[in-house]
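Derivation of every value follows stated rules applied to the coordinates shown; laboratory data play no part. The model shown is predicted, which means the values in this text are computed figures rather than measured ones. Positions of Cβ are backbone-derived with ideal geometry, glycine not excepted, and every protein chain shown enters the neighbour counts.
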Amino acid sequence: MQRRGPGAIASLMNIALIVLLPFIGAILPPLMIRAGRAICTTVTACTTLVSLALLLVQAPAVFRGEVPAVRWEWLPQLGLDASFRIDGLAFLFAFLILFIGLLIILYARHYLSREDPVGRFFAFLLLFQGAMLGIVLSGNLLLLLVFWELTTLSSFLLIGYWRHLPEGRQGARMALAVTGLGGLALIGGVLLLGQIAGSFDLETVLAQGEAIKASPLYLPALILVLLGAFTKSAQFPFHFWLPHAMAAPTPVSAYLHSATMVKAGIFLLARLWPAMAGTDAWFLAVSLTGLLTMGIAAWIALFKDDLKALLAFSTVSHLGLVTMLLGMGTKLAAMAGIFHIINHASFKAGLFMSAGIVDHETGTRDIRRLGGLAHVMPITATLAILATLSMAGIPPFNGFISKEMMLEEAAHTVYAGNDWLFPVLATLAALFSVAYSARFLFHGFLGETRGPLPRKPHDPPAGMWLPVAVLVALVVAIGLFPEQVAGGLVDVATAAVTGAPAPAYELALWHGITPSLLMSGVAVAGGLVLLALYKPVNNLREATPRPEAKRLFDGLIRICVAAAAQVSDRLQNGSLQRYLAIMLVAAIAVGAVAFAGGTHLPGDRPIQPVTSTAVVLWVLLAGASLGALLLHRNRLMTLILTSLVGLVVSLAFLGLSAPDLALTQISVEVVTTILMLLALNLLPKETPRESRAGQRTRDLGIAVLAGAGVAAAAFAVMTRGFETISDFHLAQAKPGGGGTNVVNVILVDFRGYDTFGEIIVLGIAALAIFALLDRNLRGAAARRIATIGRVTESMDAHPLILVVATRVLLPLMLMVAAFIFLRGHNQPGGGFIAGLVAAIAFILQYVASGFAWARDRAHYDHHSMIGVGVLVAGLTGVAAWIFGRPFLTSAFTHVHLPLIGDVEIASAMAFDLGVFATVLGVVVLALANLSRIQSLAQPEPVPAGPMDIVLEPQAGGATVETSAAAITATGGRP
Amino acid sequence: MELLVASAIGILTATGVYLLLRGRTFPVVVGLSFLTYGVNVFLFAMGRLTLDAPPIIDEAAASYTDPLPQALVLTAIVISFGMTALLVVLALRGYLERGSDRVELGAAEEGAET
């Protein structure tokens, strides 16, 4: 690769920017909508304009035949590069997307009504624009797939933009289902292509056309790719989704369904032309599909009464025309196809916008109610008439030239030994398109006005007809001077499609008396005759049965849904017990298979001596567990036994050289028990005996197997030696992390990122709890909670001794928490444990003095506590960036504090402070909300004072003189 | 000692699994707590058992136990508190909404007024 100067590199960066700008710009319209629709439109248009300018900067190079490209490795293991390149074909499409996009944006500003959320519309439009540009500029097939799916998704949003309309939602869903299905097929096809070519890089793949066509995988790859292309470009038999997608606002129809998205399929055919075209399979499949689509859709279009539906089927027909040309496999046909893409985009986008204007100004799009619009809206009518003539293929407009080229190609095409099929059918399709164009013209714009319209029509503001005028000017200019206006573009694009210089063919209106001119003449005359006979033909058509695509599609979807429902109903019957049993049995089965394949002797690691304490603890644990098994219907008893087990576990940790774990376990045990008690207060106190003996035996069997398996596995591991990575942590804790408590250093330093994630998870859990215990319980839950009164309540809800003791304990416990926190880096302790201890101190106040009392004295919000904690931890990590170090790099220094002694101030301590705050916030938030629910359950108000028995009237509030109250005051907060 | 710890893990797991398979929310939550104890001790045991050698750097200490499983289990204990709390509250809300604390969907809404 040659070295380029910085300027050249910047200019290459700009290629990627062409694609990325619309994505970035998509954020702007929703933000700018507050500044008004005009500003919002301007911002959107500017984004598009900058992209367009960046594209045009590349134009000279592209026209010289160069291919400006830029590439970054993204996921080289998958063959996915972020690679963008502009050749002739890409340039043509990118230009259409941006240029027509610009006109559509201007048009949409006037088209959308005041009630429509314009910001959202423009955001979707820009997303779509970016995705579309991504498809055409991608230099990597996998990247192309990503953008392909993005167009499917963003077009879904655009089609369903008017979400209050059922047709809009249904049309959007249908488009998503059909094009999404095609997208899946395309993924398969592209993966096969990459498999054959050994790379997903576009140029590599295109250069290997011979190898690809010779491969045994060629046919499956071709079928899959064609499925993708045909669904996207609405080719027969997938043509049905496009007319339903017309429920979208007209700017969307004009943009997606005439100029851009539906051409993505055609683009794909053109893009892969060097790699896949030219075989018999390609010719037979693609050209015939195109021909059939062109004929059938043109026939249907003739009978559509809705202007937009007529145009939709006409679009399908024209897409078929291009598909057919690309399918023929000759260079001249490809050239004609490219030329028609330009022409169709110009006249069809203009026509859609005209239809939108008619709808906007008259209030209807029904061709039977319209007529004579030329009198009332002369500008619109003139523009529409010119564009329609081009659509019909009447000289001297651009549609005529490319249609002549198409007919010329069709006249020479021999399909499977048959030399009349293509010429005849192509002429017939041209005849139908003359007929529907004439109907659009004569029934819509010319003749006399037919009856009153919902609104009194007149020409729209210039913002609406100007975009149409620009397009119609192009239609006329290309028609009159085809070689001068479009010749260069068609040549470079054709060269890019065929991978060879474009054929020396002059685009011109007049080529002499050729077969195609005669076919055109037949088509025009026949089309006019057909329109003259419209009524009888339509009656005849009405009388004959024909398949209704939407009904077939809906039926198919219903069958799929029913089948899926049946499968999931069988697998998911709503029984948690069954799911868990299946999962556990599966896990046991996996374990059993592994067990059968290994050795079964214990390892040779020296066994640790058994202490008498350990035996006592083991007996306690086994007894408590057995008790929980037998007595689990008595819930309170179960809870007591559970906390006993927790206590034993924490003592076991202590004995097995894990003081930090012991401290954590015991403090968690306390909060868990309080939490469960609070919940149990509202839940039933007994579990009824429901399961049959058979089920209990089965469950016991599963439990014993699981327990035995886990025990055996644990024993097998513990008796074997191992290599640990902890030597690093032990060696580096002091010099690298600045602390002697290795567990804490690992938590806040070596594995700080894990801890950061964990406190976020904790915070989310607490917020979920808060949401579940919403302040405003409604409906059944609210009624139920009102009926759960006090079942058995102590006469003394807030015992004096408890109240006094907890208040005295509060500052002491907070001091202990501070102590544990400060020493945590060097001795057992740290943010987790300190947070738990502090939380217990506060929770005790709730327990002893009631929710209302504690809440009134809490001067901070637990939500913010969690947020602050996570923020502090995160900012500590970010602070390392300032010093040019990676996230969460720690630093430390020693400080000598009076009384406390030598304290190490590590940045990790700030991180630990974040952990502390989060844990404290989470625990108190969870428990306080649970106790708030209790207070809802109690019909009588909770006593606001510290005690139920008021010792004396509280004169003057703070000045209390009784000795008991004095003790209270020292413990409580002012 | 290894045998004691291993069998304790087994007992905790078995109790947890049995309670997990019950048809009401409260035993399921308790069962999950038991399972959590078992899993935490199991994880801890992956660092092998060591007596009197806490991972606190000290010049007098001859050896240390493996600190890494301890750090993992420490956060696991705290996270399991978060999980238990969420489950309990979920069970409570479910009970308040449906009037029944069965774990099955579509179970009869009996006992609404208990």
- Note on the structure: Taking placed amide H atoms and a strict 5 Å upper bound, the residues 5 or more places from A:Leu80 or on another chain that come that close are A:Leu75
- With the contact rule set at Cα under 8 Å and sequence spacing of 6 or more, what percent relative contact order holds for chain A? 8 percent
- Task: Note the full-extension length gain between A:Arg455 and A:Asp774 as 0.36 nm times their separation in residues minus their Cα-Cα distance, in nm to one decimal.
- Result: 109.8 nm
- Item | Selected from A:Val808, A:Gly180, A:Ala908, residue furthest toward positive end of dipole (the protein assembly as shown; charges at beta carbon) | A:Gly180
- Taking amide H positions as placed in the peptide plane 1.01 Å from N, state which residues far from A:Asn741 in sequence (5 or more) or on other chains have amide H under 5 Å from it. A:Asn826, A:Gln827, B:Ile57
- Between the Cα axis of helix B:2-20 and the main Cα principal axis of chain B, the angle (0 to 90°, nearest 10) is 10 degrees
- Message: Just to confirm the number: angle between the C-alpha axis of helix B:25-45 and the first principal axis of chain B, 0 to 90 degrees, nearest 10?
- Response: 10 degrees
- Within 10 Å of each residue's Cβ, count the other Cβ atoms and sort A:Ile933, A:Ile401, A:Ile24 from fewest upward. A:Ile24, A:Ile933, A:Ile401
- Item | Averaged over A:576-588, number of beta-carbon atoms from partner chains that fall within 10 Å | 3
- For each of A:Thr231, A:Thr44, B:Thr84, A:Thr364, count neighbouring Cβ atoms within 10 Å of the residue's Cβ, then give the residues from fewest to most. A:Thr364, B:Thr84, A:Thr231, A:Thr44
- Message: Using only the alpha carbons of region A:280-562, what is the convex hull's orientation-averaged projected area in square nanometres?
- Response: 17.6 nm²
- Task: Along Cα→Cβ, 7 Å out, is where each label goes; now give me the distance between the ones at A:Leu556 and A:Tyr579 in nm to one decimal.
- Result: 3.3 nm
- Task: Sum up the charges of everything whose Cβ sits under 10 Å from the Cβ of A:Gly372, counting Lys and Arg as +1 and Asp and Glu as -1, but leave A:Gly372 out.
- Result: 0
- Under a plain spin-label model, where a point goes 7 Å from the Cα along Cα-to-Cβ, how far apart in nm are A:Asp569 and A:Ala504? 7.2 nm
- Under the definition of partner shielding as Cβ atoms of other protein chains within 10 Å of a residue Cβ, what is the mean value for peptide A:726-739? 3
- Message: What FRET efficiency comes out for A:Leu700 versus A:Arg546 if R0 is 60 angstrom and r is the Cβ-Cβ distance? Round to the nearest 0.05.
- Response: 0.35
- Message: Can you compute the helix-only [θ] at 222 nm over chain A? Use -39500 (n - 2.57) per DSSP H run of at least 4 residues, normalise by all residues, nearest 500 deg cm²/dmol.
- Response: -22500 deg cm²/dmol
- Message: Net charge around A:His632, counting only other residues with Cβ within less than 12 Å of its Cβ (Lys, Arg = +1; Asp, Glu = -1)?
- Response: +4
- Note on the structure: For A:Thr724, the net charge from surrounding residues (Cβ-Cβ under 9 Å; K, R +1; D, E -1) works out to -2
- Item | Cα-projected label distance for A:Cys46 with B:Leu3, points at 7 Å along beta-carbon direction, nm | 8.1 nm
- Peptides A:479-489, A:718-728, A:320-330: what's the order by average Cβ count within 10 Å, highest mean first? A:320-330, A:479-489, A:718-728
- Message: Please compute the average number of Cβ atoms from other chains found within 10 Å of each residue's Cβ in peptide A:630-639.
- Response: 3
- Square roots of 5 times each gyration tensor eigenvalue, C-alpha, the protein assembly as shown, largest first, Å: 72, 34, 30
- Message: For A:Ala502, what residues show an amide H to amide H distance below 5 Å, using hydrogens built from the backbone and excluding near sequence neighbours?
- Response: A:Ala495
- Task: Sort A:Cys46, A:Cys40, A:Cys560 so that the residue with the fewest other Cβ atoms within 10 Å of its own Cβ comes first and the one with the most comes last.
- Result: A:Cys560, A:Cys46, A:Cys40
- Contour minus Cα-Cα span, A:Ile187 to A:Trp74, at 0.36 nm per residue, comes to 38.8 nm
